[in-house]
Amino acid sequence: MLLAIDIGNSSTKLGVFDNENLIKRLTIPTIRSKTANDIYDSIQDEIKGPLSAFVISSVVPELHNSFRELGEKYFNQTPVFVNNGLDFGLAVKYYPPENLGIDRLIAAFGAVEKYGFPVIVCDFGTATTIDAVNRQKEYLGGIITPGINTLSEALFIKTSKLPRVEIRKPETVIGNSTVGSIQSGVFFGYIGLTEGILKRMVAELGGKPKIIATGGFARLIAENCDLIEIVDDNLMLDGLRLIYERIKK
């Protein structure tokens, strides 16, 4: 069995695959000070051996040694860290290519493998990325913007009197309280941001690309954005499995 690990800025997702079947999925907070022992303590009840391989995507370099030790010490496996130098079967039109976040590349690769191309991939996490692959199977790049929760937190941190609020869809756009006004501005503002970017991106690509959403806020956004066709919670884990199979071949 294969253990795929996606280490993100806020959370880390782990998935155990039996061939192409995802049989176990677990999410833990990303804490940069965690040791291999700490990580094992938080997953040992859910993730059990024997495992035949480890494959990891990470945007948090501070945790690489801990996860490497986790694989070697507790599962007798040396993890494979996916990097930009691997062959994803995409022509990468991003400059310089080594600066492209590995999470963006894996998500685009996974979307192409699962849904075809052209395709647009929206990843709604701590940061939101929206990336495009054209009909020539070229990864073109996309946008990076603060995630919806990051946007809300910035408003709380940078002001003296505005409170921290729950991210949710208000009943009306016109908020009749400070909390309601913030929720409306953050939520509907983010829907407008997403729709505006997607419309411009579709126009640049031409044709009708499939639009896929993933990440922690994907369902909330997708339920209120008609342009998004598919929500795929496991896109990154499936992408990791698929790239590992490609590496093996």
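The values are calculated or read from the model by the stated rules, or taken from the named source; none is laboratory data. From a predicted model like this one, the values you see are computed outputs, not experimental measurements. Note that we place each Cβ from the backbone using ideal geometry, even for glycine, and neighbour counts take in every protein chain shown.
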Restricting attention to the stretch 10-21, does a residue exist that is exposed (fewer than 15 other Cβ atoms within 10 Å of the Cβ), without any contact (Cβ under 8 Å) to a residue 60 or more places away in the chain and either on the phi < 0 side of the Ramachandran plot or of a type in the set (Phe, Trp, Tyr) (or both)? yes
Leading residue by the ranking (modelled with the highest pLDDT) among those in the stretch 10-63 that are among the small types (Gly, Ala, Ser) and part of a loop (DSSP other than H, G, I, E, B): SER33
Here is a list of conditions, (1) in contact with a strand residue (DSSP E or B) (Cβ under 9 Å, 6 or more places away or on another chain); (2) modelled with pLDDT under 95, and ILE211 meets all of them except one; can you say which number that is? (2)
Every residue from the stretch 29-41 that is in contact with a Lys or Arg (Cβ under 9 Å, 6 or more places away or on another chain) and buried (at least 17 other Cβ atoms within 10 Å of the Cβ): ALA36, TYR40
